[in-house]
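Structure, as structure tokens:
The values are calculated or read from the model by the stated rules, or taken from the named source; none is laboratory data. What you are looking at is a predicted structure, and each value in this text was computed from that prediction instead of being measured. Every residue, glycine as well, gets a Cβ built from its backbone with ideal geometry; the counts of neighbours run over all protein chains shown.
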Amino acid sequence: MKITTMLTSADFLTRPYTPDMTLAGIRYACQSLPYTYNRMGGNRVKRLRRIVAGKGVELAFKRYLNKKHIPHDILGETPFTDPDQYDIAIGGRRCDIKSFLLTGKKRISKVRHHPEKLLSALALVPVDQIERKQHSDDDIFIFAFFNALLTSSQDKLKKAIAANQPIYLIHALPKAWANPRQWQPLGKLALKSNHASDIKIEIGGQDAQRRFQSEQIILPPKTRRTARREFCTLSYMHSFSLPNGEIGLHSPALKDTVLAAPSDWGNIWVYGMEVTFTGFITRREFRQIAERIPKGSRVFQYSRTRTENFGMPVRGLHPLKDLFTRAREWAAAKA
């Protein structure tokens, strides 16, 4: 594998991660949920966590650019229809931030104490994203590693609740609800709770004009409540606390009832620590250097990859300080 430059860990940019970044990611993830069904290939809560993390990392990068007055453009809000799109440009070149979650405590500790370990990790880009013809070879890939903890089991979730950690519980609804074949109202939605006391539930989806909307409803025990708003799609239920009984949701139009047991709720809160932005490379250079990494491969950041990727060692990337220098030069040339 050809290496064009030699990056060192001294070139890495490590930024703190704050809870409001997770909140921004959650808002985005909930609204993008109807458009992610064809790409999930498995657990929807895991997919949502990845979106939350990715958007949080993007926000950390934007804040750094603003803090250091590095010239850049915002190309408009990232469309909810395609969470892989990006909205940052430097020197007129679109920046696509590829972030990788590191969640094991031992691995996080190792990377914190020995950041040079990341140099041998692979910078990965899914094959389908490389082969998109609408992207320019001048586009820029930026690769980041995100240290964070997740509640990937009910036991970890209960420990987080006991420690008064923030949580965001989601029950993703079936495709027939979130992305139906026919666009029509779901009817007067009815909810009922078997929780021992009053519980607040939020439902989120789209109205007749395909705009995102949500509604919060207080459910007393064993009492039927109906939503005030009319929904044409419904992609999730969000509970403000962990239910100890089933939560039911019925659509007369679909003639379907969803029952969410206590174990069916997933916490998509990402407990971020810091983000390490390692380096950058143009799409053209990446296409020339990277090699195909088969689906199911074991790499530094994953026990097995979920899709086929192109990859190259992180040490082959360019230092971000060079990109920031170029950004100022490009901005000066335009002035």
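Here R284, R228, R304 are screened, and the one residue that is of a type in the set (K, R) and within 26 Å of P180 (Cα to Cα) is R228. Residues in the stretch 120-161 that are crowded, with 18+ Cβ neighbours inside 10 Å and without any contact (Cβ under 8 Å) to a residue 24 or more places away in the chain: there are none. Taking the conditions (1) more than 27 Å from the chain's Cα centre (by Cα); (2) assigned to a strand (DSSP E or B) in turn, Q182 satisfies each one other than (2). If the condition is being in a helix (DSSP H, G or I), under 30 Å from I167 (Cα atoms), of a type in the set (S, T, Y) and modelled with pLDDT of 95 or more, then the stretch 6-28 contributes only T22.
May I ask you to say which residue of K188, K192, K200 is under 30 Å from G272 (Cβ atoms) and either modelled with pLDDT of 95 or more or of a type outside the set (S, T, Y) (or both)?
Checking each option against the conditions leaves just K200.
Of the strands (runs of 3 or more DSSP E) lying entirely inside the stretch 201-308, those carrying at least 3 residues that are surrounded by 13 or more Cβ atoms within 10 Å (Cβ to Cβ) are 212-219, 233-239, 247-251, 256-260, 271-282.
Only residues that are under 20 Å from R27 (Cβ atoms) and acidic (D, E) were counted across the stretch 213-252, and they come to 1.
One residue stands out among those in the stretch 309-335 that are at pLDDT 95 or above and part of a loop (DSSP other than H, G, I, E, B): the one that is surrounded by the most Cβ atoms within 10 Å (Cβ to Cβ), which is L317.
For the stretch 243-260, the count of residues that are modelled with pLDDT of 95 or more and touching an Asp or Glu at 6+ places or on another chain (Cβ under 7 Å) is at least one. Filter the stretch 303-321 down to residues that are more than 14 Å from V125 (Cβ to Cβ) and in contact (Cβ under 8 Å) with a residue 12 or more places away in the chain, then give me how many there are. Of the residues in the stretch 303-321, 5 are more than 14 Å from V125 (Cβ to Cβ) and in contact (Cβ under 8 Å) with a residue 12 or more places away in the chain.
Listed here are the residues, each with its yes/no results for (1) modelled with pLDDT of 90 or more; (2) out of contact with any Phe, Trp or Tyr (no Cβ under 8 Å at 6 or more places or on another chain); (3) not assigned by TED's automatic domain parsing to the domain that holds T276.
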site	(1), (2), (3)
D87	no, yes, no
H114	yes, yes, no
A123	yes, no, no
I140	yes, no, no
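Looking at I97, I3, just one residue is under 26 Å from L323 (Cβ atoms), at pLDDT below 90, of a type in the set (A, V, I, L, M, F, W, C) and not in a helix (DSSP H, G or I), and that residue is I3.
Figure legend. Inter-residue proximity from the stretch 236-257: first residues farther than 14 Å from L169 by Cα and of a type in the set (D, E), second residues at pLDDT below 95 and in a loop (DSSP other than H, G, I, E, B), beta-carbon distance below 9 Å, spacing 6+ or different chains. Indicated pairs: D256/P174. Within the stretch 100-146, the set of residues being within 17 Å of the chain's Cα centre (by Cα) and part of a loop (DSSP other than H, G, I, E, B) comprises just one member, T103.
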